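Following: one structure in structure tokens, then a few remarks.
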Amino acid sequence: MKVGIPKGLLYYDYQPFFHTFFEELGAELIVSSDTNKDILDKGVKYCVDEACLPVKVFHGHVAEIKDQCDLIVIPRIMQLRKREFICPKFCGLPEMVINSIPDMPRATMAPLYALSKERLFQWAKVVGKEVTHNTAKLSKAFEAAVECQSNYKKGIDDDSYPIKVALSGHPYNIYDNFINMNIVNKLKKLGVGVVTEEVIDEDIKNREVSKLYKKPFWSFARNNYSFTSHMADQKLVNGIIYISSFACGIDSVVIELIKHNIEDFPLLVLKVDEHTGEAGLDTRIEAFVDMLERRRS
Ligand code: SF4
């Protein structure tokens with residue numbers, strides 16, 4: 001069986017799990033290319049106009065590989081932590097894609113709750129049966145996938161430059177170099193190092209959000225708020241750059257929370273959508289770095 005894995009949305013966080021699980025089940029993986037102009041164009045063509053850029057890009061990844069696979073993985077990620085939720089776009093992602101792109105192969109529909117290993121196994125059992133009915137093989141594939149995911153470390157912490165910024169935003173905006181127009185390299189060329197939220201401990205995140213009147217409802221809000229708050233409070237960076245998708249409801253709240261919290265600490269918010277021009281983005285980054293240099297000197 002050929003199983004398609006679109007390289008979009010939380011693929012950047014959970015690719016070891018999905019790859020290992022389906023490979024161990026004996027499927028042949030068809031993984032979409034890194035995001036490129038053709039994928040973006042396909043996404044814009046098929047997805048509803050109102051969606052944010054990462055969701056459009058995800059549609060493009062599906063469209064690229066749909067004709068080569070028997071089953072396509074569209075993770076309906078519901079919850080990663082207790083009393084926190086993922087964006088509603090993830091909850092309805094399979095329906096959104098199936099109803100937008102014609103001639104789709106079968107797609108995974110089961111909701112994914114990663115609150116515990118047992119809950120995650122519920123997803124694996126339902127989805128794994130699409131590939132094999134051998135329950136021993138399924139359990140073994142699941143164990144291997146969980147282990148592979150737990151050994152996976154990602155994140156950037158680059159101290160080799162005179163200026164350092166906290167790069168905040170959702171993982172697909174930070175790690176998809178087409179969406180963010182290779183911002184990490186742009187910053188390096190300007191003499192700026194980057195740190196991302198994965199480098200701070202969970203207990204620091206918990207402490208930061210506990211200062212809020214109300215705990216954030218969304219996992220993305222928790223991560224980005226706590227990270228920027230810690231970096232600014234402790235003066236661990238010279239500034240913060242937040243990459244946000246145009247039309248993202250969660251970002252519209254969390255960016256205001258961050259601004260209110262860090263007061264006059266330097267913050268650059270870069271909104272991206274399919275119309276964002278690279279020259280405009282470069283100008284804003286250069287102006288921000290120029291300001292950081294002057295503050296430093
Ligand atoms: S959290 Fe924001 S950027 Fe991410 S899928 Fe939802 S609306 Fe789009």
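The values are calculated or read from the model by the stated rules, or taken from the named source; none is laboratory data. Owing to the predicted nature of the structure, the values given are computational and were not obtained by experimental measurement. FYI the Cβ positions are ideal-geometry reconstructions off the backbone, even for glycines, and counts take in every protein chain you see. To get the accessible areas, we keep the full protein, side chains included, count just its heavy atoms, and leave off ligands, DNA and RNA. Shrake-Rupley method; radii C 1.70, N 1.55, O 1.52, S 1.80 Å.
For the chain, the relative contact order works out to 18 percent when only alpha carbon pairs closer than 8 Å and six or more residues apart are counted. The mean sequence separation of alpha-carbon pairs under 8 Å and at least six residues apart, normalised by the residue count of segment 2-150, gives a relative contact order of 29 percent.
Modelled spin labels at residue 67 and residue 260, positioned 7 Å past Cα toward Cβ, are 5.1 nm from each other. Among 20, 156, 146, which residue has its Cα positioned farthest towards the positive end of the charge dipole of the chain, with +1 placed on the Cβ of Lys and Arg, -1 on the Cβ of Asp and Glu, and the dipole taken about the Cα centre? My answer, from the dipole projection, is 146. Within the listed set 36, 180, 151, the residue fluctuating most in the Gaussian network model of the chain (springs between alpha-carbon atoms under 10 angstrom) is 151.
Along the chain, the exposed loop sites are GluC sites (Glu not before Pro) outside DSSP states H, G, I, E and B with at most 12 other Cβ atoms within 10 Å, and the longest stretch free of them is 51-262. With a cut-off of 19 Å on the backbone N, the residues of segment 51-90 near the modelled label site 7 Å out from residue 106 along Cα-Cβ are 65-76.
Here is the list for segment 217-297: trypsin sites (Lys or Arg not before Pro) lying in DSSP coil, each with at most 13 other C-beta atoms within 10 angstrom of its C-beta, are 235.
Overall, the chain carries a charge dipole of about 700 debye about its Cα centre when +1 sits on the Cβ of Lys and Arg and -1 on the Cβ of Asp and Glu, all other atoms neutral. Residues in the chain average 46 Å² of solvent-accessible surface per residue, probe 1.4 Å, ligands and nucleic acids excluded.
Based on alpha-carbon centroids, what's the gap between segment 65-110 and segment 166-221 in Å, whole number please? Measuring centre to centre over Cα atoms gives 24 Å. Restriction of the trypsin sites (Lys or Arg not before Pro) in segment 60-129 to DSSP coil positions whose beta-carbon has at most 14 other beta-carbons within 10 angstrom yields 81, 82, 83, 129.
For chymotrypsin sites (Phe, Trp or Tyr not before Pro), the sites in segment 176-281 that DSSP calls loop and that have at most 14 other Cβ atoms within 10 Å are 178, 213, 217, 246. Taking amide H as placed 1.01 Å from N in the peptide plane, residue 85 has its amide H under 5 Å from the amide H of 218, 219, each at least 5 places away in sequence or on another chain.
Computed over the Cα atoms of segment 163-296, pair by distinct pair, the Kirkwood hydrodynamic radius stands at 15.0 angstrom.
Among 135, 228, 276, the order of accessible area from largest down is 135, 276, 228, computed with a 1.4 Å probe on protein heavy atoms.
Spacing of the modelled spin labels on residue 188 and residue 119, each 7 Å from Cα toward Cβ, amounts to 3.8 nm. Selection among 191, 279, 175 by position relative to the dipole of the chain gives 175 as farthest towards the positive end (Cβ unit charges, Cα centre). Charge dipole (Cα centre; +1 on Lys/Arg Cβ, -1 on Asp/Glu Cβ; no other charges) of segment 163-296 amounts to roughly 340 debye. The alpha-carbon atoms of segment 56-172, seen along their principal axes, cover 55, 35, 31 angstrom, with the largest extent given first. The lysines within cross-link reach of residue 235, meaning a Cα-to-Cα straight distance under 19 Å and a gap of 8 or more places when in the same chain, are 164, 205, 211, 259.
Here the simple spin-label model places points 7 Å from the Cα toward Cβ, and for residue 290 and residue 136 these points are separated by 6.8 nm.
Here segment 258-288 is scanned for amide nitrogen atoms under 19 Å from the site 7 Å beyond the Cα of residue 37 along Cα-to-Cβ, giving 273-282. When the helices of the chain are scored as -39500 (n - 2.57) per DSSP H run of n ≥ 4 and the total is divided over every residue, the value at 222 nm lands at -15000 deg cm²/dmol.
Could you look at segment 72-157 and say what percent of its accessible area is carbon and sulfur, using a 1.4 Å probe and all protein chains?
After summing per-atom areas, the C and S share lands at 55 percent.
Semi-axis lengths, largest first, of the ellipsoid equivalent to the chain are 34, 22, 17 Å, with √(5λ) applied to each eigenvalue of the Cα gyration tensor.
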